[in-house]
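First up is the structure itself, then whatever we jot down about it.
The values are calculated or read from the model by the stated rules, or taken from the named source; none is laboratory data. What you see is a predicted model; the values in this text were computed from it and never measured. Cβ placement follows ideal geometry from the backbone for every residue including glycine, while neighbour counts extend to all protein chains displayed. The area values use the complete protein model at the heavy-atom level, side chains included, leaving out ligands, DNA and RNA. Shrake-Rupley method; radii C 1.70, N 1.55, O 1.52, S 1.80 Å.
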Amino acid sequence: METEHILIVGGTSGIGLATARHLLHNGFDVTISGRSNPNEKELSYLPCDVRAESSVRELFNLLQGRGLSGLIYSTGITSPPVQITNFEKRVWEKLSETNVSGALLCLKYAYELLKKSHGRIVIVNSLASRNYSKYSGVEYTMTKSALSGMVRHLAPQFAKDDVLINSVFPGMTMTPMLIKNIPEEILKEAKASVPLNRLAEPKDIARVIQFLISKQNTFITGSGVDVNGGQFLNG
């Protein structure tokens, strides 16, 4: 059986990097992409700034000879919560450009490769899209909600080529960036709000992504999988 080649855009840190390590350990061929190289010896790295269409185009040009069986979009930035009277258009534009436009550009240039392989796509979304974000701004919740609309809209279009696209919705996840930037008392408060009484570890998310991105997923598309320890109940 041919090894599945997976590209993780935003695979240089956090959930993306944890997923890359997990997939590599489970026999996938993995390329990670982002603005900075994490210098992971076992992972192939290609630079990409999703805010620039020329950079995204070049990324997928470099992959033409390798083929692509799966794309994971794990790039995302956040904003602090502020009153609507303090809304700044530049903050919205920065988040929208990275969280939403970047995903659309990656799909634009990846699609012909994925069409050839009958590939799989996973968008790393957020619990904020299911409800709202207590710790981020309205811009974050809005961009994540836009990704949900994107997946629902594109799934029927992609189905004719047997390309499947789905989302995962993690709750707050214990990435190095989260631990560094969120005060301990807030982390304790967040943990207490989770029925399973802990925050997610990156591997909790990676295991779900593995199934959705693999050829074992034969009939799930346009769906969202909640990985939040029971904070949002969708059964």
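Please indicate, with yes or no, whether at least one residue in segment 113-125 is at pLDDT below 95, outside any helix (DSSP H, G or I) and within 30 Å of Asn86 (Cα to Cα).
Here is the first cut: in segment 113-125, the residues at pLDDT below 95 are none.
Checked against the condition, which is being at pLDDT below 95, outside any helix (DSSP H, G or I) and within 30 Å of Asn86 (Cα to Cα), segment 113-125 yields no hits at all.
Filter segment 138-174 down to the residues that are among the charged types (D, E, K, R) and assigned to a helix (DSSP H, G or I), then identify the one that is surrounded by the fewest Cβ atoms within 10 Å (Cβ to Cβ). It would help to see each step written out before you state the result.
Here is the first cut: in segment 138-174, the residues among the charged types (D, E, K, R) are 139, 144, 152, 160-162.
Next, from what is left, pick out any that are assigned to a helix (DSSP H, G or I): 139, 144, 152.
Numbers: Glu139: 25, Lys144: 27, Arg152: 14.
Going through the qualifying residues, I end up with Arg152.
Search segment 116-129 for residues that are touching a residue at least 24 places away in the same chain (Cβ under 8 Å) and pair each with any residue that is of a type in the set (D, E, K, R) and in a helix (DSSP H, G or I) when their beta-carbon atoms are under 6 Å apart and the residues are at least 6 apart or on different chains.
Going by the 6 Å Cβ cut-off, the qualifying pairs are Asn125/Lys144; Ser126/Lys144; Ser129/Lys144.
Suppose the filter is more than 19 Å from Ser214 (Cα to Cα) and among the β-branched types (Val, Ile, Thr); does Thr31 pass it?
Numbers: more than 19 Å from Ser214 (Cα to Cα): no; among the β-branched types (Val, Ile, Thr): yes.
Answer is no for this residue.
Return yes or no: is Leu107 out of contact with any His (no Cβ under 8 Å at 6 or more places or on another chain) and surrounded by fewer than 22 Cβ atoms within 10 Å (Cβ to Cβ)? If you could, list the steps in order and put the result at the bottom.
Values: out of contact with any His (no Cβ under 8 Å at 6 or more places or on another chain): yes; surrounded by fewer than 22 Cβ atoms within 10 Å (Cβ to Cβ): yes.
Yes: the conditions hold for Leu107.
Do we find that Ala110 is in a helix (DSSP H, G or I), touching a residue at least 40 places away in the same chain (Cβ under 8 Å), small (Gly, Ala, Ser) and in contact with a Leu (Cβ under 6 Å, 6 or more places away or on another chain) in this structure?
Details: in a helix (DSSP H, G or I): yes; touching a residue at least 40 places away in the same chain (Cβ under 8 Å): yes; small (Gly, Ala, Ser): yes; in contact with a Leu (Cβ under 6 Å, 6 or more places away or on another chain): yes.
Here the answer is yes, as Ala110 does meet what is asked.
Just to be sure I understand, how many residues within segment 61-85 are exposed (fewer than 12 other Cβ atoms within 10 Å of the Cβ) and farther than 19 Å from Ser126 by Cα? Step through it out loud before you land on a result.
First, the residues of segment 61-85 that are exposed (fewer than 12 other Cβ atoms within 10 Å of the Cβ): 61, 64-65, 80, 83-85.
If we keep only those that are farther than 19 Å from Ser126 by Cα too, we end up with 61, 64-65, 83-85.
Going through segment 61-85 one residue at a time, the tally reaches 6.
Considering only residues that are of a type in the set (D, E, K, R) and in contact with a Leu (Cβ under 7 Å, 6 or more places away or on another chain), look in segment 1-60 and name the one that is least open to solvent (accessible area, probe 1.4 Å). Even if it seems obvious, please write down each step before you answer.
First, pick out the residues of segment 1-60 that are of a type in the set (D, E, K, R): 2, 4, 21, 29, 35, 40-42, 49, 51, 53, 57-58.
If we keep only those that are in contact with a Leu (Cβ under 7 Å, 6 or more places away or on another chain) as well, we get 42, 53.
Numbers: Glu42: 151, Glu53: 64 Å².
Ranking the candidates gives Glu53 first.
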